[in-house]
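S.K.: For reference, the structure I am asking about is given below.
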Amino acid sequence: MSEYLKTAMIGWAVLFLFAAGATLPYLLRRTAPGATLPQRLWPHYWIGYLLPILTLIHAWLPMRNGNMNGLNMTGLWLATIAMLLLIWQVGVGVTLRYFGGSQSRMLQTTHFWSMTVLATLIVGHVMLNR
């Protein structure tokens, strides 16, 4: 399988996993009435942990051979910022999951708006570098 195809497949997997991870909290919030919120959101957490790993692999594949010809530099910068924001997003999510407490409303708002900016950056990257 070519490097381009591997990179593209991982990139699309990241996009679909991101979309699934972003919608799962809204779908799982009221399911399993006896379970706590962290118990219900375990798929959201695991997708959140998996996304930075897949994103790094997606970025590393073309960079290891220097195969960056024909790519839009603005799209690459958007992807770089998105990757850093994704790491931030995981940090906010872990903080919210384990240490939310009295700060949970502020952390939820931060987590939501970070996700919104991240989605915008991802769409920009896909549009410029597909």
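S.K.: Would the stretch 62-70 turn up any residue that is charged (D, E, K, R) and modelled with pLDDT of 85 or more?
M.R.: Our first condition is that a residue be charged (D, E, K, R); within the stretch 62-70, this holds for 64.
Still in the running and modelled with pLDDT of 85 or more: none.
No: the stretch 62-70 contains no residue that is charged (D, E, K, R) and modelled with pLDDT of 85 or more.
S.K.: If you don't mind, another one. When only residues in the stretch 117-130 that are β-branched (V, I, T) and free of Cβ contacts under 8 Å to residues at least 12 places away in the same chain count, which is nearest to L86 (Cα to Cα)? Step through it out loud before you land on a result.
M.R.: Step one: list which residues in the stretch 117-130 are β-branched (V, I, T), which gives 117, 120, 122-123, 126.
Going one step further and asking which of them are free of Cβ contacts under 8 Å to residues at least 12 places away in the same chain, we end up with 120, 123.
Numbers: T120: 12, V123: 14 Å.
Across the stretch 117-130, the extreme among qualifying residues is T120.
S.K.: Got a number for residues in the stretch 46-76 being surrounded by fewer than 17 Cβ atoms within 10 Å (Cβ to Cβ) and among the hydroxyl-bearing types (S, T, Y)?
M.R.: Residues flagged as surrounded by fewer than 17 Cβ atoms within 10 Å (Cβ to Cβ) and among the hydroxyl-bearing types (S, T, Y) within the stretch 46-76 amount to 2.
S.K.: Let me ask another. Of the residues I87, I81, which single one is in contact with a Leu (Cβ under 8 Å, 6 or more places away or on another chain), surrounded by fewer than 17 Cβ atoms within 10 Å (Cβ to Cβ) and under 16 Å from L118 (Cα atoms)? Write out each step before concluding.
M.R.: Details: I87 fails: in contact with a Leu (Cβ under 8 Å, 6 or more places away or on another chain).
One residue alone meets the criteria, I81.
S.K.: Suppose we filter the stretch 67-116 for residues that are farther than 21 Å from W46 by Cα, assigned to a helix (DSSP H, G or I) and in contact (Cβ under 8 Å) with a residue 24 or more places away in the chain; how many remain? Before the answer, list the steps.
M.R.: First pass over the stretch 67-116, keeping only residues farther than 21 Å from W46 by Cα: 67-81, 101-103, 105-106.
Remaining after also requiring assigned to a helix (DSSP H, G or I): 73-81, 101-103, 105-106.
Now restrict to residues that are in contact (Cβ under 8 Å) with a residue 24 or more places away in the chain: 74-76, 78-79, 81.
Number of matching residues: 6.
S.K.: Here is a further query. Identify all residues within the stretch 18-45 that are surrounded by 12 or more Cβ atoms within 10 Å (Cβ to Cβ), part of a loop (DSSP other than H, G, I, E, B) and among the small types (G, A, S); write none if there are none.
M.R.: A35, the sole residue that qualifies.
The values are calculated or read from the model by the stated rules, or taken from the named source; none is laboratory data. If you're wondering where the values come from, they're calculated on a predicted model, not measured in any experiment. Every residue, glycine as well, gets a Cβ built from its backbone with ideal geometry; the counts of neighbours run over all protein chains shown.
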